[in-house]
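Working notes, beginning with the structure itself.
The values are calculated or read from the model by the stated rules, or taken from the named source; none is laboratory data. Small disclaimer: the values here were computed from a predicted structure and weren't measured. Glycine gets a Cβ as well: all are built from the backbone with ideal geometry, and neighbour counts include every protein chain shown.
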Amino acid sequence: MTACHTVHVLIDLHSHSTASDGTDAPDEVVARAAAAGLDVIALTDHDTVAGWADAAAAVERQPGVALVRGMEMSCVGDGEDGDPVSVHLLAYLFDPEEPDLAAERDRVGSDRPRRLRRMAEMMRDDGLPVDPADLPTDNDVIGRPHLAALLVRAGVVDSIDEAFRRYLRSDGRYHVRKAETPLDEAVALVRAAGGVSVLAHARASRRGRLPATEQIERLARAGALDGLEVDHPDHDAADAAVLRDLARRHDLVITGSSDYHGANKITPLAAHTTEPDQYRRLVERASGTAVIGGSR
Ligand code: AMP
Ligand code: FE
Ligand code: FE
Ligand code: ZN
């Protein structure tokens with residue numbers, strides 16, 4: 001037997017806190033990341049940077065884990081079938097105060113309560129025991145998981161997952177669209193704010209329709225998109241293989257992430273991870289804000 005000193009660097013580039021639709025506070029996400037043995041955690045709440053400050057403060061208390069500050073942007077892209085489709089763009093290490101990106105983030109994030117209330121009203125008007133006034137008001141940004149939690153509490157369904165399957169699907173009768181940023185515009189905004197962008201879970205077919213490969217390839221060829229999230233809980237092996245091949249052909253950064261949401265999803269932190277060389281490529285391209293804590 002020869003001793004093998006492989007150093008396992010664990011990097012998880014996608015997580016959510018109570019600033020959006022996760023169930024752990026931002027500092028708890030950081031503490032759990034440290035406890036899970038992660039070397040790098042990215043906090044990527046939907047359409048908000050409200051969790052950044054608390055997560056940054058927590059990193060000071062957790063030697064060993066580095067924090068990448070990010071956000072998951074709600075976007076609209078070209079669908080495989082030609083119709084527009086909702087897509088998520090992971091934006092990392094951008095300047096949170098750059099005015100154009102900040103304005104767009106506020107526009108999209110502030111539309112979410114209106115949209116969730118409307119969905120809850122449609123359910124109530126249909127006779128479901130849901131009171132729109134029970135939606136949380138203390139989050140910076142709310143999402144469908146909050147409405148799912150109301151359906152569980154009301155006994156309409158037994159789990160968050162069942163709530164999505166039966167009542168919250170994007171092709172379901174109660175779905176209301178939210179404000180979204182056109183994908184081309186989003187990647188440009190992130191770049192202009194010194195950040196890097198990675199298209200999230202682009203083959204997650206159980207969530208609904210899929211984005212067109214043509215648009216992804218066009219953005220890659222234009223050098224506008226930095227990477228693709230390849231390993232993700234909503235991708236099976238074939239989905240990941242398609243994306244890995246696409247990323248390699250266009251020299252895009254390949255990431256893997258858990259998309260941790262605390263108790264709102266079953267996936268634990270570090271369920272999927274990113275290779276250190278791929279992570280370094282992202283960090284080297286970013287100039288908007290620094291990675292903090294840990295050994296980076
Ligand atoms: P929204 O951003 O309000 O449209 O809600 C979408 C969010 O719902 C995604 O970010 C996921 O976190 C979550 N989601 C989607 N499908 C499921 C599911 N089956 N179980 C739990 N959470 C889900
Ligand atoms: Fe979410
Ligand atoms: Fe997402
Ligand atoms: Zn996410």
For segment 252-296 the number of residues that are assigned to a helix (DSSP H, G or I), of a type in the set (A, V, I, L, M) and at pLDDT 95 or above is 2
Notebook entry, point to check: Scanning for something hydroxyl-bearing (Ser, Thr, Tyr) and surrounded by 16 or more Cβ atoms within 10 Å (Cβ to Cβ), does segment 108-128 turn up at least one residue?
Noted result: no
If we ask which residues in segment 192-222 are under 18 Å from Gly288 (Cα atoms) and either within 16 Å of ligand 2 (Cβ to nearest atom) or surrounded by fewer than 21 Cβ atoms within 10 Å (Cβ to Cβ) (or both), their number turns out to be 3
Note: among Val40, Val68, Val30, Val9, just one is over 19 Å from the mean Cα position of the chain (by Cα), away from ligand 1 (no atom under 15 Å from the Cβ) and under 24 Å from Pro276 (Cα atoms), namely Val9
Selection from segment 112-145 of residues under 13 Å from Val156 (Cβ atoms), assigned to a helix (DSSP H, G or I) and small (Gly, Ala, Ser) yields Ala120
Counting only residues in segment 229-251 that are assigned to a loop (DSSP other than H, G, I, E, B) and more than 14 Å from ligand 3 (Cβ to nearest atom), the one farthest from Leu13 (Cα to Cα) is identified as His250
Do we find that Ala220 is assigned to a loop (DSSP other than H, G, I, E, B), under 18 Å from Leu282 (Cβ atoms) and more than 16 Å from ligand 4 (Cβ to nearest atom) in this structure? no
Flagged in segment 244-267 as in contact (Cβ under 8 Å) with a residue 40 or more places away in the chain and either hydroxyl-bearing (Ser, Thr, Tyr) or over 29 Å from Ala163 (Cα atoms) (or both), in numbering order, are Val253, Thr255, Ser257, Ser258, Tyr260
